[in-house]
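**Q** Input: one structure, supplied below.
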2 protein chains.
Amino acid sequence: MPKNKTAAAEQTSAAPLVRTEPIQERSAARIDALLDAAAAVVDEIGFDRLTTAMVADRAEASIGTVYRYFPDRIVLLQALRDRAIERYRQAIVERVTGETPETWVEAVGSAIDAFVGMFRTEPGFRIIRFADAERGPVNRDEPPRVGFFALRFADILAAEYTLPDDEALTFHLEIVVELVDALINRAFLIDMAGDERFIAEARTVVREYLETRYPAAA
Amino acid sequence: MPKNKTAAAEQTSAAPLVRTEPIQERSAARIDALLDAAAAVVDEIGFDRLTTAMVADRAEASIGTVYRYFPDRIVLLQALRDRAIERYRQAIVERVTGETPETWVEAVGSAIDAFVGMFRTEPGFRIIRFADAERGPVNRDEPPRVGFFALRFADILAAEYTLPDDEALTFHLEIVVELVDALINRAFLIDMAGDERFIAEARTVVREYLETRYPAAA
DNA sequence: GAGCAGATGATCGAGTTCCGATCGGTGACC
DNA sequence: GGTCACCGATCGGAACTCGATCATCTGCTC
């Protein structure tokens, strides 16, 4: 069992906040159960109707336990999103190593497929909207980690391919992330199975976008 | 004074809901004042920190008055969004009739400019995200009017130009709406003035998208 | 067409309900 | 016996309700 050290750790001053940090074994399972419950609730009644009591109920825990691991409702949702993103990252890696696309542009296509797959299988995924970071609650101090997913995505690609030494690449990938996020979300907005027209168009738009800019890699 | 009978009227069963429908003159002003207040609050402290009490305060009305016109907090925000969309529609019409672009594809460019302008001038605009309809609270009965803005946009264009008789046009416009919404929102996500790179890229992506599909109109 | 009176709409704000979050206490693990 | 996980009654504050009160409209009378 890998110990789950959060990078954040303690700030400068005393941080008496209970923070998420499992010490004993069972805690990890608890956290997962809580997030599963939250995902289910989010799928059923939607994002902003979710109450912490519902999450506790569904996870067969008490209110207190919820707040034992998450300082508040918003952080709980963020944790759900973070877990989903991590799972998505794994899904990309699996798919790319499985399909071994010729070029990194094609690998982006695989990532889109993986994204669509997540919408179909991962509870709560369709509500999360994570291309952009936290919208709304303007974060205290810490930089609002905008576009961080594009960076991470670049890392994944860089592990398998030789990326063009283009300083604009990060920007282009961020555009791609935004485009895909918008169109795939639209595809699943009403159609629970995912509207194929929008899915196909997302693939096409991205392919056109990248082929125009990186003809060598297409 | 035109009596303002709601189209909805009575459903099968008794509908005791108070619903928004101004009868007397002052009501309209009240509603506007409430929405102005909501927009200001949203700009200042953000979307989900908004409380109905703040809105009432700022509009110099009582809590009761807020709930006289809006069944709940979420509907209040939706109304704010609806008004912003209407204003945006007007802004498009004004700009297009003012600039009189040669082709409808160029008119789409003007619409993007108008969109950016709204982000800079219309209070509360940047939080609203309206390309997609209501996300989250799954609406009872009524169809979730997805993509309705693209339809409306097509109407605006059709009033000034002869649009291609392409049954896929609506779909393409919807894609454009999604793309623009995503990229322009990203442009304003952290940069209050709007990140020019994303704005320019939005224009480029849309132009490329439409020129590929409608070379005659470009 | 001025004045009045009843009806109906608009406003108010104290009271209620609901929900996010706390805290002191109890039991499980080391 | 000391730490950690868990519970759930309780608190505080925000969403929302409701009966009373004020403003405006309608239409009748003279």
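**Q** Along the charge dipole of the range A:81-217, pointing to its positive end and built from +1/-1 on Cβ of Lys, Arg, Asp and Glu, which listed residue (A:184, A:112, A:93) has its Cα farthest out?
**A** A:184
**Q** Under the definition of Cα pairs under 8 Å and six or more residues apart, what whole-number percent is the relative contact order of the range B:18-71?
**A** Working: 40 pairs, mean separation 25.4, N = 54.
Relative contact order for the range B:18-71 comes out at 47 percent.
**Q** For the pairing of chain A with chain B, what total accessible surface becomes buried, with a 1.4 angstrom probe, in square angstrom to the nearest 100? Walk me through the intermediate numbers first.
**A** Details: alone 12970 and 12920 Å², together 22690 Å².
The summed interface area works out to 3200 Å².
**Q** List, shortest first and in nm to one decimal, how far the label point of residue A:74 (7 Å from Cα along Cα→Cβ) is from its counterparts in the other copies.
**A** For residue A:74, the inter-copy label distances come out at 2.0 nm.
**Q** Can I ask one more? Hey, if we sort A:155, A:165, A:43 by accessible area with the 1.4 Å probe, largest down, what's the order? It would help to have the intermediate numbers written out before the result.
**A** Numbers: A:155 100, A:165 160, A:43 75 Å².
My answer, sorted largest first, is A:165, A:155, A:43.
**Q** While we're looking at this one, here's another question. Ignoring ligands, DNA and RNA, please state the percent of accessible area on the range B:80-217 from carbon and sulfur, probe 1.4 Å. Could you put the intermediate results ahead of the total?
**A** Details: 3050 of 6030 Å².
Its accessible area is 51 percent carbon and sulfur atoms.
**Q** Tell me, for the rotation carrying B onto A, which chain B residue has the beta-carbon closest to the axis and what that distance is in whole Å.
**A** Closest Cβ to the B-to-A rotation axis, residue and whole-Å distance: B:182, 2.
**Q** Using only atoms on other chains, find how many Cβ atoms lie within 10 Å of each Cβ of peptide A:167-174 and report the average. Numbers along the way, then the final one.
**A** On the way: counts 0, 1, 0, 0, 3, 1, 0, 5.
Mean shielding count: 1.
**Q** So if R0 is 45 Å, what FRET efficiency would residue A:63 and residue A:168 give, r being the distance between their Cβ atoms, rounded to the nearest 0.05?
**A** Details: r = 49 Å, r/R0 = 1.09.
Calculated transfer efficiency: 0.40.
**Q** At residue A:113, with labels set 7 Å past Cα in the Cβ direction, how many nm apart are the copies from this one, shortest first?
**A** For residue A:113, the other copies' label points sit at 4.3 nm, shortest first.
**Q** Turning to a different aspect of this structure: Would you work out if the range B:18-71 is rounded, prolate or oblate? Take a ≥ b ≥ c from the square roots of the eigenvalues of the alpha-carbon gyration tensor; rounded if a/c is under 1.5, else prolate when a/b is larger than b/c, oblate otherwise. Intermediate values should be presented prior to the final figure.
**A** Numbers: a/c = 2.17, a/b = 1.83, b/c = 1.19.
Judged from the Cα gyration tensor, the range B:18-71 comes out prolate (a/c at least 1.5, a/b above b/c).
**Q** Using a 10 Å cut-off around each Cβ of peptide B:184-194, what is the average number of partner chain Cβ atoms that fall inside? Mind showing how you got there, number by number?
**A** Details: counts 0, 5, 10, 1, 0, 7, 7, 1, 0, 0, 0.
For peptide B:184-194, the averaged partner shielding equals 3.
**Q** What ³J(HN,Hα) values, in whole Hz, does the Karplus curve 6.51 cos²θ - 1.76 cosθ + 1.60 give for the range A:192-201 when θ = phi - 60°, with x put for Gly and Pro?
**A** Values per residue, Gly and Pro as x: 5, 8, x, 5, 4, 4, 6, 4, 4, 5 Hz.
**Q** Could you report the accessible area of residue B:160 in Å², rounded to 10, computed with a 1.4 Å probe on the protein chains as they sit in the structure?
**A** Surface open to solvent at residue B:160 totals about 100 Å².
**Q** Something else now. Kindly report, to the nearest 10 Å², the accessible surface of residue A:152 as traced by a 1.4 Å probe over protein heavy atoms only.
**A** Ignoring ligands and nucleic acids, residue A:152 comes out at about 90 Å².
**Q** Roughly how many Å² is the accessible area per residue of the range A:28-67, as a whole number, for a 1.4 Å probe?
**A** Working: 1920 Å² over 40 residues.
Per residue, the range A:28-67 has 48 Å² of solvent-accessible surface.
**Q** How much accessible surface area, in Å² rounded to 10, belongs to the heavy atoms of residue B:201 with a 1.4 Å probe?
**A** Rounded to the nearest 10, that gives 20 Å².
**Q** Given R₀ = 51 Å, FRET efficiency for residue A:74-residue B:94 by Cβ-Cβ distance, to 0.05? Don't skip to the answer; put the middle values down first.
**A** Details: r = 39 Å, r/R0 = 0.77.
For R0 = 51 Å, the calculated efficiency reads 0.85.
**Q** Something else about it: Determine the shielding of peptide A:48-54 by partner chains: average, over its residues, the number of Cβ atoms on other chains within 10 angstrom of each Cβ.
**A** Working: counts 7, 4, 1, 0, 0, 0, 0.
So the per-residue partner count for this stretch is 2.
The values are calculated or read from the model by the stated rules, or taken from the named source; none is laboratory data. Note that the structure is a prediction, hence the values are computed from the model and not measured. Don't worry about glycine lacking a Cβ; one is built from the backbone with ideal geometry, like all the others, and counts go over all protein chains shown. Ligands, DNA and RNA are stripped out before the accessible areas are found, and what is left, the full protein with its side chains, is counted by its heavy atoms. Shrake-Rupley method; radii C 1.70, N 1.55, O 1.52, S 1.80 Å.
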